[in-house]
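Student: One structure coming up, written as structure tokens, with questions to follow.
Since every read-out is calculated from the coordinates, none of them should be taken as a lab result. As the structure is a computational prediction, the values presented were derived from the model and not from experiment. All Cβ positions, glycine included, derive from the backbone under ideal geometry; neighbour counts span all protein chains shown.
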């Protein structure tokens, strides 16, 4: 009898626990993050570019919130570290350069990542695409850091078709499902492959949810989905063939005279199609009405041949690798029916580290946050269009490069430039084909996959909305005299002819509100502001950890492991294969 009572009590407690769980997660939205790699500011239509159509991205942006002051880090690994942890890279030791293929380190295991928070809140968590946060031991790979599954590559870049990653003359295959290599996808185009996998994740999640509802006889049951779709596009591939897309897609952009820019446009087309297909599939599975969708880049574009790429950050100054606006002011948008005020351009200051507390706030999970985050909870500010709590953004402090930058309010202080380039990429680089004429086709947006999916849930878009928001989201280098009257500090010397700044030998101070193109160095004109930001930067620097970069190791060579980039420190030395190279 005692055993029977015990079992009955156990069953009751299970139902209570399930009831509480179902109640806790029944209203949680699905969270979809679609991350581009090295996307330029001027590569999307909603920022004013006419050259490369991005109808799906634009259709989502105009319905949601265009984040015009969304800052990222200037390189892949630091940005992804901030996105996953809610911390500045200086507080992770991840501030210097990227994680090298042959370097035995990763994002510290002591850190709690976004998917781990979400799993605790009942989410099913899945990653597709680029990781670049460590793989030398399995504990650093996605499925050991909060994701239920991962399909994609671990390194920084790879070939789009054969999926091999080359670093300093050594190469190996880098496409994995969990810890297992995927040799069968050889020849498949990466962007298409990752999109198909993301669609499978959505479909599988929906089927799983329907089965759970039947199992529990509860139509209100909901297990929310977190999908992190981290594309390789539009990052260049291996040096021997960096810009890759199907020939028939490249041909669609024959009006672009620069052949490399034409191939870049084709790569971006596939990324835009991916955004459209994901939104379309969410709608088909009745998930769109309860989703938060973030589309962003990890850092600025690499234009004019840098990194063998052809992005455009025009009219912003600088490139990927740099702390100029072109390197750290990232293209971004958010859409969700949970946001109260959408169809607008946000000038609220944000940093990529803000997404951990912001998304957790959106699902009432803020109490789960660990202390010591650098990210701010921006959910209410975004949803209700209130002033941002964030007034200061550390863009980086890199002692190895003697380079740092800080934005406080409208002002930005810059010290030093990357020793890797020594000022080579500190100018302005327009899109290829400035002499060519293009037109912005609103009909492409109105008839895009995103628009058709949104129309099904009654979220229609009008041409006047598109044109109005597009004008508002453009960056203009000229000072607007009316805007000068909108601030409470001295603006007498804000406008005027450019004041050059050679960042290699002097500090630069810019007013980003009135000079987003960083043409007028005001360090000598506003010495009090300069001194204040310099003091703030010094205070922050006291909290910085030293860069965690370490020497590379020969045992990482894929030739020792069947020509596969693998978690080599988990392997038995007896498994090593002889190699001539």
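Student: For region 287-432, rounded, prolate or oblate, judged on the Cα gyration tensor with a ≥ b ≥ c (square roots of eigenvalues), a/c < 1.5 rounded, else prolate if a/b > b/c?
Tutor: prolate
Student: Given an 8 Å cut-off on Cα distances and at least 6 residues of separation, report the relative contact order of region 152-235 as a percent.
Tutor: Averaging sequence separation for qualifying contacts and normalising by length gives 24 percent for region 152-235.
Student: Related question: Under 8 Å for C-alpha pairs, at least 6 residues apart: give me the relative contact order for the chain, rounded to a whole percent.
Tutor: RCO, the chain: 23 percent.
Student: Rounded to the nearest 5, what % of the DSSP beta bridges within the chain are antiparallel ones?
Tutor: Within the chain, antiparallel bridges account for around 50 percent of the total.
Student: Let me know the shape class of region 36-105, please: from the alpha-carbon gyration tensor, a ≥ b ≥ c as square roots of the eigenvalues, rounded when a/c is under 1.5, otherwise prolate if a/b is greater than b/c, or oblate.
Tutor: prolate
Student: On a C-alpha basis, how far is the centre of region 199-276 from the centre of region 346-411 in Å? Whole number, if you could?
Tutor: Their Cα centres are 27 Å away from one another.
Student: Shifting gears a bit: So for each of 502-512, 157-167, 270-280 I average, over its residues, the number of other beta carbons within 10 Å; can you give me the resulting order with the highest mean first?
Tutor: So the peptides 502-512, 157-167, 270-280, ranked by packing, come out 270-280, 157-167, 502-512.
Student: Which residues in region 164-197 place their backbone N less than 12 Å from a point set 7 Å from the Cα of residue 575 along the Cα-to-Cβ direction?
Tutor: Counting only backbone N, you get 179-181.
Student: Which stretch or stretches of region 279-313 have amide N atoms under 15 Å from the point lying 7 Å from residue 213's Cα along the Cα→Cβ direction?
Tutor: 283-290
Student: How much mean residue ellipticity at 222 nm does the chain get from its helices, if each DSSP H run of length 4 or more adds -39500 (n - 2.57) and you divide by all residues, to the nearest 500 deg cm²/dmol?
Tutor: -9000 deg cm²/dmol
Student: Continuing with the same structure: Below 8 Å, C-alpha to C-alpha, sequence gap of six or more: please give me the relative contact order for region 259-408 in percent.
Tutor: Relative contact order here is 16 percent.
Student: Moving to a separate point now. Quick one: grab the alpha carbon gyration tensor of region 162-277, order the square roots of its eigenvalues as a ≥ b ≥ c, and give me rounded if a/c is under 1.5, else prolate or oblate depending on whether a/b is larger than b/c.
Tutor: Cα axes put region 162-277 in the oblate bin.
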